[in-house]
Each structure stands twice: as C-alpha cells, then as structure tokens.
Amino acid sequence: MNYLERYSFWCNAGLPENVQVMLKNMKNDEEELKGSFSSDLQFGTAGMRGIMGIGSNRLNVYTVRRAAQGMAAWLCSTDLPKKAAIGYDSRHQSREFAEVCAVAFAEAGITTYLYDRLAPTPMLSYAVRELGCGCGIVISASHNSGEYNGVKCYGPDGCQMTDGPAAIVTETIAKIPYFVPEEKSFQAFMNDGLIQYIDQGLWERYYETVLAEAVEPELIKKSGLSVVYTPLCGTGNEPVREVLGRLGANVAIVACQEKPDGDFKTCEYPNPETDAALNESYKVAANTPCDVILGTDPDCDRVAIAVPSGDSFVKITGNELGCLLLDYILKARSAKGDIPESAITVRSLVSSPLADRIAEHYGVEMKAVLTGFKYIGGEILALEEKGQEKRFIFGFEESCGYLKGTYARDKDAVVASMLVCELAAYCKLQGKSILDAMNELYHTYGYYLAHVTSVELAGADAMEKAAKIMADLRSSTPDAIGGLMITKINDYGARTSKDVKTGETLPIALPKSNVLELILGDKGSVIARPSGTEPKVKFYYTAVASDKDAATKLITAMREQMEA
C-alpha cells in the first residue's frame, strides 16, 4: 500500500471518534500524511522508536499493541519462561503504552510484571533477570526530544534483543492485523493475576546490588561531597537520590527538572551528551556548594558530569568519564590486589582507545565491540555461560553509558552516578579536581581528543540517503585524512580488515555491521556509521598527539576534509 491507501484504511477502520477527528484534520496536509503513513514503523533489534501520533509510521496504541503482540507470539514459540517485565519513563503516553503491552502479553497467557511507577531502563534489565522472565519491554525514547517515544525490547538475559529473535518478531508483526480489540481490560487482567505490579522488595534488592558495586564508598561521606543533580525530568530522581543519600552525599536537586515532564520544557533535547542539557544545573551550582554536577537522561541509563573550574564549570566528555572511571576502578582494585585473573573490560568500537592504554597499564584486557550496549552485555553473557562473569570489570560507550557489575545488561546511570561521586570524593581528599585527574591521564598516555559529527537527514528517503553516504565513502575512500595517510581500512559490513600498504586482508571476528573505520596509524582514526534509530550518519574522529593544541589542530584538519 502507498501512503494514501494506508490513510484510507485507517479512516475506514471504525476507530474512536477522537482518532477520526485527528485523521480528518490531516487530510489536506500531504507532508503530514506522508510522514504518518509512508510505511509501517520499523521494528529492529532495539525495538521501535518514533514520533507519537496517529498513523502506521507513528507511535500510538495501535502500533505499540502490534509490536507487543509480535513479542508475545515470539515468546510463546520458545522454551523461555512465559513471563515478562515492563517498565516506562516520563514521556507522554509511556504509562498508557506500558499497559497496552501488558494486556497484549496477558492475552497470550504470559504473566506480566509491571513497574508501578517510573523506573530507569537498567532497573527493567535487572527485573528481567531477577524475576526469571523470558523477555522485557521499556517504554522510552531515551534521550530524544519530547515528541518521541519508543518500545525497547529485552531478551531473557536482560540484554537488548539480538538480531535473530528481533527478525522473527519483525516477521510476526507484519502478519498481525491492525485494530484487533483487547480481550479484556488492563484492570481485568490485574484482577486475574496475569498482570502484577513489581513490589518494593525488588527496588530494595536493586539498591543493595548497586551499592555492592561501590569501590571505596566511605570516601563520599568522609569528603563531605556536595553534588548538584538533575534527572532531566525523568526516571532517575528516585533511585539516584536514594543511592547517593545512603552513601552520605549532600545532594542539591535542580528543582525545575525534578518532576516528570514529557515536554522537557527546561531542556528541549534531554541528552546528557549535549552541553545544553546541564544549563539549569549550572545556575543551581553557581549558588550552592558543588564538587560535581550530575545529569541523567530521562530513562536514566546515561549520565553526564561537569566540574567547577574557577568561576565556571567544565563538562567532561563521555569518553573522558569512561576513562576516568576505568582508571579509578582499576587503580583501587589493583591496590587491594583483587583484580581477577584474565580480567576483561569492554568499550564500544567508537569509544576512545585511550581506555586500551589504561587497561594495558593494569594488565587487563580491553575488548572493542560494535556500538550498542547489547554487545557489551553479550560479552558478559559469554563469561556467565562459562561461570566466569567475575572477570568482567567495567564497560562503557562514549555516548555516556557505563556499567560496573553483571546484575544488569544495559548501561546504568545509577551505578555510574555512584562511581562518579566516589571518584570526585577521592580527588577531593587528595586536594585535586576531576579535571586534574583527567590531565594526569593525558600526561601519562598522550592526548586523545575525540569529536562526533552527526549528519542529520530529512525526508521520506532519509534512510536511503544515509545508506548512500556510506556506500559513497566505501567506493571513494580517500588516501589520507587531515594530512595523515590511511594505514588500515576496517569494513565491518564486509567483516574485513585491509592493510593499505601491503594489501593484506584479514577477517574481523565481529558481527556484520554497517560501520567503516579508517585508521591513521597511531595518530587517530575516523569511523562512520549510520544511526540505528534515527535518520543520520555519525562520524567519530580521534586524534592522538602530545598535547591538546596539537590534537586540536589535527582533528580540525580531519573534520574539514571529511565535511568538505
């Protein structure tokens, strides 16, 4: 069907009057019709994410119900436990969509455990494992702006769904008709016991598990640490403050971002990677004692920090924080002599290779995996299957995602916030700042400067445009970037690594992915990859030099050439 045929189908489906009014109002808006009905909203390994609204290409109770029905059908076709867990964030309709999913599961005879209030994404990952579920769902669009929402899907290990099961769910959804009425109401299934609220006991077990991952927890109280914290109107408000409070941190909340707000009025784009995400925090920190600023995104799986520097504040990048936490954890565990034999740390491919140098210094292996925390979770699962999960020390990705421990299989801003406070307390007791600690790493290992550029694409063919950018880069790869010769080309789509000088080509032992990495000897790299959830292509630059000025000059030259 084309977009007009899909629109007509929805108009004639006998939907409720309020929906019919919305459909009628877009009748003469061709752009809106194309955006809403150009296709069916796609289900991928991360689930579905899109703009909320009416139409087959929008997130609404009808598209969410089909996705949940597809998940339920997949689960019922497996030998996995017929149990599911569901969480949701502060976005508009998140609670409603969570209940829609719960009903779809219950109709299939699946016992469903639903959080009774806002809960971070990592708490859903924890619940899947703790409750012995076959799958899980989080209703969230993570750090996207307020018009978006999403359905994130998880497997039995608490990790985001992998390619194989996701492909089956996608095929199943395509066969499910729209607008199949619910068999019974949410409340009726609650009365039957097929839908149950997750009790407070699980929250407490999660808190105890997170606190057990502390390295030197007594440092926080001992230092008299003062924290300014913003949950960015999302799910972190309760668990982050609870954990930090138990450790004795003095926490000042950013009041205008404390309560849930699906419009994110004080932070239009609630992504802690951006400088603007902490603007309100800077105002609070300027008038209250502050050793570190913490900001967690709406579903509380990412955290960003800033630290005082004179009369202003400096935001630490996701790469820098990952390296700082890695060094802090390994240094402390090394001093105690409790780094396990054959210990493993993991970073995403696009994260700073400075982390490799730090891990090597402590005699620990660093694995680089494809982008997406599910791949870090996959490394943990592989260890767990061998009974060796204690070998896992820490995992991170440059987009502000971190995990210590194996209790969850997704990034967790709650445990990361705790570790940040430990790091800040450790530095404070030594009479230095987190900035000082970062500069010490640069002095020891070299200055690793990173930059990410996103090429945003628009239109109904945006994903095709992204594919063309990648194809063009493969077919017309430059010989040099920023004055540096390309020495190696790693094509993760072809799963090959080519030495440019010798022509030797070796296989890459990672899953196939549309990623191209151009290595510039030991001076840096450029990595290109299309986003898996949004119409854009990301370029990740790394420049390595002896100091910041030299690295900045190099990365500027690299960007200018690539962007031209």
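The values are calculated or read from the model by the stated rules, or taken from the named source; none is laboratory data. This structure is a prediction, so every number in the text was calculated from the model and none was measured. Positions of Cβ are backbone-derived with ideal geometry, glycine not excepted, and every protein chain shown enters the neighbour counts. What goes into the accessible areas is simple: the full protein's heavy atoms, side chains included, and nothing from ligands, DNA or RNA. Shrake-Rupley method; radii C 1.70, N 1.55, O 1.52, S 1.80 Å.
Just for strands (runs of 3 or more DSSP E) wholly inside the stretch 246-363: which have at least 2 residues that are open to solvent by 10 Å² or more (accessible area, probe 1.4 Å)?
By residue number, 250-253, 303-309, 312-316.
For residue 417, work out the one condition from (1) farther than 16 Å from residue 301 by Cβ; (2) in contact (Cβ under 8 Å) with a residue 60 or more places away in the chain; (3) assigned to a helix (DSSP H, G or I); (4) not hydrophobic (A, V, I, L, M, F, W, C) it doesn't fulfil.
(1)
Could you please find all residues in the stretch 7-41 being without any contact (Cβ under 8 Å) to a residue 60 or more places away in the chain and either under 29 Å from residue 164 (Cα atoms) or in contact with an Asp or Glu (Cβ under 6 Å, 6 or more places away or on another chain) (or both)?
If the condition is that a residue be without any contact (Cβ under 8 Å) to a residue 60 or more places away in the chain and either under 29 Å from residue 164 (Cα atoms) or in contact with an Asp or Glu (Cβ under 6 Å, 6 or more places away or on another chain) (or both), then 26, 36, 37, 39, 41 are the ones that fit.
Filter the stretch 364-380 for residues that are closer than 15 Å to residue 509 by Cα, aliphatic (A, V, I, L, M) and part of a loop (DSSP other than H, G, I, E, B) and give the result.
370
Residue-by-condition table, conditions (1) farther than 23 Å from residue 172 by Cβ; (2) buried (at least 17 other Cβ atoms within 10 Å of the Cβ); (3) in contact with a helix residue (DSSP H, G or I) (Cβ under 8 Å, 6 or more places away or on another chain):
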site	(1), (2), (3)
4	yes, no, yes
55	no, yes, yes
66	no, yes, yes
79	no, no, no
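Quick one: in the stretch 145-167, which of the residues that are farther than 26 Å from residue 60 by Cβ and among the charged types (D, E, K, R) is surrounded by the most Cβ atoms within 10 Å (Cβ to Cβ)?
Ranking the qualifying residues of the stretch 145-167, first place goes to 157.
Residues being surrounded by fewer than 14 Cβ atoms within 10 Å (Cβ to Cβ) and aromatic (Phe, Trp, Tyr): count how many of those fall in the stretch 441-471.
0
Here are the criteria: (1) outside any helix (DSSP H, G or I); (2) free of Cβ contacts under 8 Å to residues at least 40 places away in the same chain. Tell me which single one residue 51 does not satisfy.
(2)
Might you let me know whether the stretch 413-423 holds any residue that is in contact with a helix residue (DSSP H, G or I) (Cβ under 8 Å, 6 or more places away or on another chain), open to solvent by less than 40 Å² (accessible area, probe 1.4 Å) and of a type in the set (Asp, Glu)?
yes
If we scan the stretch 433-440, do we find a residue that is open to solvent by 20 Å² or more (accessible area, probe 1.4 Å), assigned to a helix (DSSP H, G or I) and of a type in the set (S, T, N, Q)?
Yes - at least one qualifying residue is present in the stretch 433-440.
For residue 400, are the conditions met, namely being in contact (Cβ under 8 Å) with a residue 40 or more places away in the chain, open to solvent by less than 10 Å² (accessible area, probe 1.4 Å) and under 13 Å from the mean Cα position of the chain (by Cα)?
Criteria met by residue 400.
What are the residue pairs meeting all of these: first residue in the stretch 125-148, first residue modelled with pLDDT under 95, second residue crowded, with 24+ Cβ neighbours inside 10 Å and among the β-branched types (Val, Ile, Thr), Cβ atoms under 8 Å, and 6 or more apart or on different chains?
From residues that are modelled with pLDDT under 95, the pairs are 142/121.
So in the stretch 517-564, with the set limited to residues that are open to solvent by less than 50 Å² (accessible area, probe 1.4 Å), within 30 Å of residue 163 (Cβ to Cβ) and in a loop (DSSP other than H, G, I, E, B), which one is modelled with the lowest pLDDT?
Top of the filtered list is 534.
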